[in-house]
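Accompanying notes for the structure given below.
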Amino acid sequence: MKSLGTAVIGCGSISSVHLKAIAGLELAELKAVVDINEELAKKTAETYGCDYYTDYKEMLQRDDIQVVHICTGHYLHAPMTVDALKAGKHVLTEKPMAENKASAHTMLDAAEENKDVQLGVIFQNRYNPSSIRMKQAVDSGEFGKLLCMKGLVTWSRTPAYYETEWKGKWATEGGGVLINQAIHTLDLLHWLGGDVASIKGSISNDSLEGVIEVEDTAHAHIEFRNGVKAIFYATNAYGRSTPVEVEVIFEKATLQLRGDTLYLLQGDTSTVLAEPVKNDLGEKAYWGVSHQFQIRDFYAHLLEGKHFWIDGPEGYKAFRLVMDIYESSKLGQRINYTE
């Protein structure tokens, strides 16, 4: 079976999920890892039996590497993606795309200019059985018309979490709970609801004043073009991290997601429609379990010559919601979408 030569840039915590997924994937062969911390890069390379670099641009010169995974700080996603695409490499980048809209647009432009390669964005929760089942319910109309939705993220982050130098800063992380943790839930709401008509939101720092520049709490009201409305709340100021909740209300039933378990409510009856899938990648519970499924799907699309569905423009949708909540909060008014 044909495989693609692969490199991973960034050897921090999230990279382990990518590396383990690649190691178990017959469609990929890990050739190199990159990190500016040479000791970390060398240790990771020894673990996975590959080469290592401290300069990603040097790695991009290799002809035997066709795919690059980007697992670095948010502010590095755009320049690394652009360089990799221009070097003729396919790119799969962790969310969010970038730290601000301008940087994200450089990625979209580079992908448009280099059509022989593809840009994919990680939103692994779309591959969860519960997410797939919710999407099927929306698309099929089996429970009647979609009426409204809500998404809740109540997690906890201590000051120690932000000791990484790029986190907690507007210039490098691009935001707080919205752009780093809750973007996955916003992505699901957007995926289910369709095109957005407008959004109004606000942000605050409720528990980490003096520790971070960015928000630890946010809420928003989203109106979709199909008339559906959604409310959204996210915080890192809770006492502990609890399962994400999404509620989708139809004319004839309600779907309630808690964690990765999906319940169907009809009258007084509650039925489990989908349960979480377990794996051995060592993923943290709040990352979900579906990185391996998205990574496999990305490689399958590349090898079959098909366009990957969570591409730059698709990955930009949830990112835009995040950025527009920040803008709405700053302006104190609703942001209307004209396209």
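Quick note: the coordinates plus some simple rules give every number you see, no bench work behind them. Since we're looking at a predicted model, the values are computed, not measured. With ideal geometry, Cβ positions are generated from the backbone for all residues, glycine too; neighbour counts draw on all protein chains shown.
Structure summary
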| quantity | calculated |
| --- | --- |
| GluC sites (Glu not before Pro) within segment 112-151: DSSP coil, no more than 16 neighbouring Cβ in 10 Å | Glu142 |
| Degrees, to the nearest 10: 101-113 long Cα axis against longest axis of the chain | 60 degrees |
| Highest average packing first - 289-302, 260-273, Cβ atoms within 10 Å | 289-302, 260-273 |
| Rounded tilt (10° steps) of 38-48 against the dominant C-alpha axis of the chain | 80 degrees |
| Placed amide H near Val8: partners under 5 Å, 5+ positions off or other chain | Ala32, Val33, Val34, His69 |
| Helix 312-331 axis, angle to the chain major axis (alpha carbon atoms, nearest 10°) | 60 degrees |
| Three-way shape label, segment 1-96, alpha-carbon gyration tensor, a/c 1.5 | rounded |
| Alpha carbon centroid spacing (whole Å) that separates segment 47-114 from segment 171-228 | 25 Å |
| Neighbour-count ranking [beta-carbon atoms within 10 angstrom, fewest first] of Trp191, Trp166, Trp309 | Trp309, Trp166, Trp191 |
| Global form of segment 88-182, assessed from the alpha-carbon gyration tensor, a/c cut-off 1.5 | oblate |
| Dipole of the chain, positive direction: furthest Cα of Val289, Gly267, Ala160, with charges on the beta-carbon | Gly267 |
| Estimated dipole of the chain in Debye, rounded to 20 [Cβ of Lys and Arg +1, of Asp and Glu -1, Cα centre] | 700 debye |
| Net length gained if the chain between Lys229 and Lys252 were fully extended (0.36 nm per residue, minus Cα distance) | 6.6 nm |
| Karplus 3J(HN,Hα) series, Hz, for segment 290-305 with 6.51 cos²θ - 1.76 cosθ + 1.60 (x for Gly, Pro) | 10, 3, 4, 6, 5, 4, 4, 5, 4, 5, 4, 4, 4, 6, 8, x |
| 3J(HN,Hα) from dihedral phi, segment 162-179, Karplus parametrisation 6.51/-1.76/1.60, rounded to Hz, x for glycine, proline | 9, 6, 4, 4, 8, 7, x, 10, 4, 5, 10, 8, x, x, x, 4, 5, 7 |
| Amide proton proximity set for Leu147, modelled H, under 5 Å, gap of 5+ | Ile249, Phe250, Glu251 |
